[in-house]
Number of protein chains: 2
Amino acid sequence: MRIAFLIFDDITALDAIGPFEVLCRIPGAEVMFVGETAGIKRADPKSLGLVADYSSADVTSADILLVPGGRGEAQVREKPHVLEWVRRIDATTQWTTSVCTGALILGAAGLLNGRPATTHWARLEKLREFGAEPRSQRVVEDGKIVTAAGVSAGIDMALHLVRLVAGDTVAQAIQVGIEYDPQPPFDGNAKRAPAPVMEVLRPRYQRN
Amino acid sequence: MRIAFLIFDDITALDAIGPFEVLCRIPGAEVMFVGETAGIKRADPKSLGLVADYSSADVTSADILLVPGGRGEAQVREKPHVLEWVRRIDATTQWTTSVCTGALILGAAGLLNGRPATTHWARLEKLREFGAEPRSQRVVEDGKIVTAAGVSAGIDMALHLVRLVAGDTVAQAIQVGIEYDPQPPFDGNAKRAPAPVMEVLRPRYQRN
């Protein structure tokens, strides 16, 4: 089971590392972090560096492709050869997946046309630009394309994938192994958040 | 608000990156990834590399210290100068924190003596070796020491910390920003997991 994570500068780190922590525990999993070029990619904020051991030229197939999001996705969408790589890998995968605004990269690659999909709540409507049908859901599975909502939703999506590829017992074992028995202090749903909370978030999400 | 993450080889990546994704969003936060030496640290599994921009010699104080866990913690506990660094930074912090088996490093540094604390469910009893009182809780706060249960519990712990340092509105905004509205497919609590699930996990957690 070869699993390729696309990473890039200004990535939201948890978009990738949440699913990594789940998927790397599938028996026989072989994980590859892939950049346009190999080397260190700086997250958003840049105080964290993640290493791409592989360049896109090094990787020509995968069983699972995972495309995370973050502020840097807009730059990735403007790189035709990276989008071409996404399409080429997708042609070889069993599952092609995204977390957060990684869905916009799948969309720009033409993979979401006519499909239901999800992304971070702040960018949901933008999916229409790529012919996708936005769904306000945690995880959307459509054929072999699985998209997750924002950031932390990648953990739920990855556990969903493990059920599909390795069954419920292994999936629950991984969930228990990472002690994913969440006790968040608040309601994390944007639709139900009080106005002062959304006011704090406004500057961050007031972009393209 | 200077936040230091200790990282090392064979770290469980999500122990650090879950809290990073939360704490880096505190207004004015300055995050430092600190290794015994600077450079790339390989997670468990090694397919992921995380960059320590700072060596322990570079960092002499922090407002928050976060010590993650993972298979590599046993090696860290055998490095007196790293434990000495943990004690030295702790003497300067507002909050000293751990995720998962990072608590065993705090324990080995002598910081949990006589204190209630938590860690990954599989290692909870080991806390007694360091004079700590094991608590089967998601997050344990005792004075300025805050310990989290296994792996994903670091996200909950970090949101708890944000409440303490920046208040409820900012904390909820960060939770909504990372869309932390969890929908795990299973019950992730080890105490309630069925026998076949625990059987899958047995080889992984049958060590020191």
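Values in this text are rule-based calculations from the coordinates and carry no lab data. Every value quoted in this text rests on a predicted model; they were computed, and no experiment measured them. All Cβ positions, even for glycine, are placed from backbone atoms using ideal geometry, and neighbour counts span all protein chains on display.
Tell me the residue from A:Ala166, A:Ala149, A:Ala132, A:Ala153 that is out of contact with any Lys or Arg (no Cβ under 9 Å at 6 or more places or on another chain) and of a type in the set (A, V, I, L, M), please.
Residue meeting the stated conditions: A:Ala166.
Taking region A:80-120 on its own, how many of its residues are of a type in the set (A, V, I, L, M, F, W, C), in a loop (DSSP other than H, G, I, E, B) and over 16 Å from A:Asp63 (Cβ atoms)? Walk me through how you get there before you give the answer.
To start, the set of residues in region A:80-120 that are of a type in the set (A, V, I, L, M, F, W, C) comprises A:82-83, A:85-86, A:89, A:91, A:95, A:99-100, A:103-106, A:108-109, A:111-112, A:117.
Among the residues that remain, those that are also in a loop (DSSP other than H, G, I, E, B) are: A:91, A:100, A:109, A:111-112.
Keeping just the survivors that are over 16 Å from A:Asp63 (Cβ atoms) gives A:100, A:109, A:111-112.
Qualifying residue count, region A:80-120: 4.
Among the residues of region A:32-52, which ones are more than 7 Å from chain B (Cβ to nearest Cβ) and outside any strand (DSSP E or B)?
Across region A:32-52, the qualifying residues are A:Glu36, A:Thr37, A:Ala38, A:Asp44, A:Lys46.
The conditions are (1) in contact with a strand residue (DSSP E or B) (Cβ under 8 Å, 6 or more places away or on another chain); (2) crowded, with 22+ Cβ neighbours inside 10 Å; (3) not aromatic (Phe, Trp, Tyr), and A:Val165 fails exactly one of them. Which is it?
Looking at each condition in turn, A:Val165 falls short on (2).
When you go through (1) buried (at least 24 other Cβ atoms within 10 Å of the Cβ); (2) facing another protein chain (nearest Cβ under 9 Å) one by one for B:Ala29, which number turns out not to apply?
Condition (1) is where B:Ala29 drops out.
Hand me the list of helices (runs of 4 or more DSSP H) wholly inside region B:121-208 holding 2 or more residues that are over 28 Å from A:Met198 (Cα atoms) and either touching a Phe, Trp or Tyr at 6+ places or on another chain (Cβ under 9 Å) or more than 7 Å from chain A (Cβ to nearest Cβ) (or both). Before you say what the answer is, go through the steps one by one.
Details: elements: B:153-166, B:168-177, B:195-205.
Correct list: B:195-205.
Among the residues of region A:53-66, what is the count of those that are over 21 Å from B:Asp9 (Cβ atoms) and at the interface with chain B (Cβ under 9 Å from one of its Cβ atoms)?
Of the residues in region A:53-66, 0 are over 21 Å from B:Asp9 (Cβ atoms) and at the interface with chain B (Cβ under 9 Å from one of its Cβ atoms).
Select from region B:17-26 the residues that are farther than 21 Å from B:Thr60 by Cβ and more than 7 Å from chain A (Cβ to nearest Cβ) and list them in ascending order.
Across region B:17-26, the qualifying residues are B:Pro19, B:Val22, B:Arg25, B:Ile26.
Considering (1) of a type in the set (Asp, Glu); (2) buried (at least 19 other Cβ atoms within 10 Å of the Cβ); (3) over 14 Å from the mean Cα position of the chain (by Cα), say which one A:Glu21 fails and leave the rest.
(3)
Can you report the number of residues in region A:176-208 which are crowded, with 19+ Cβ neighbours inside 10 Å, farther than 16 Å from B:Ile178 by Cα and touching a residue at least 60 places away in the same chain (Cβ under 8 Å)?
Result for region A:176-208: 2.
Among the listed residues B:Ala74, B:Ala38, B:Ala91, B:Ala103, identify the single one that is farther than 22 Å from A:Ile7 by Cβ and free of Cβ contacts under 8 Å to residues at least 24 places away in the same chain. Reasoning before the result, please.
Values: B:Ala74 fails: free of Cβ contacts under 8 Å to residues at least 24 places away in the same chain; B:Ala38 fails: farther than 22 Å from A:Ile7 by Cβ; B:Ala103 fails: free of Cβ contacts under 8 Å to residues at least 24 places away in the same chain.
Just a single option satisfies the conditions, and that option is B:Ala91.
Scan region B:90-107 for residues that are under 15 Å from the mean Cα position of the chain (by Cα), hydrophobic (A, V, I, L, M, F, W, C) and on the phi < 0 side of the Ramachandran plot and jot them down.
Within region B:90-107, B:Trp95, B:Val99, B:Ala103, B:Leu104, B:Ile105, B:Leu106 meet the criteria.
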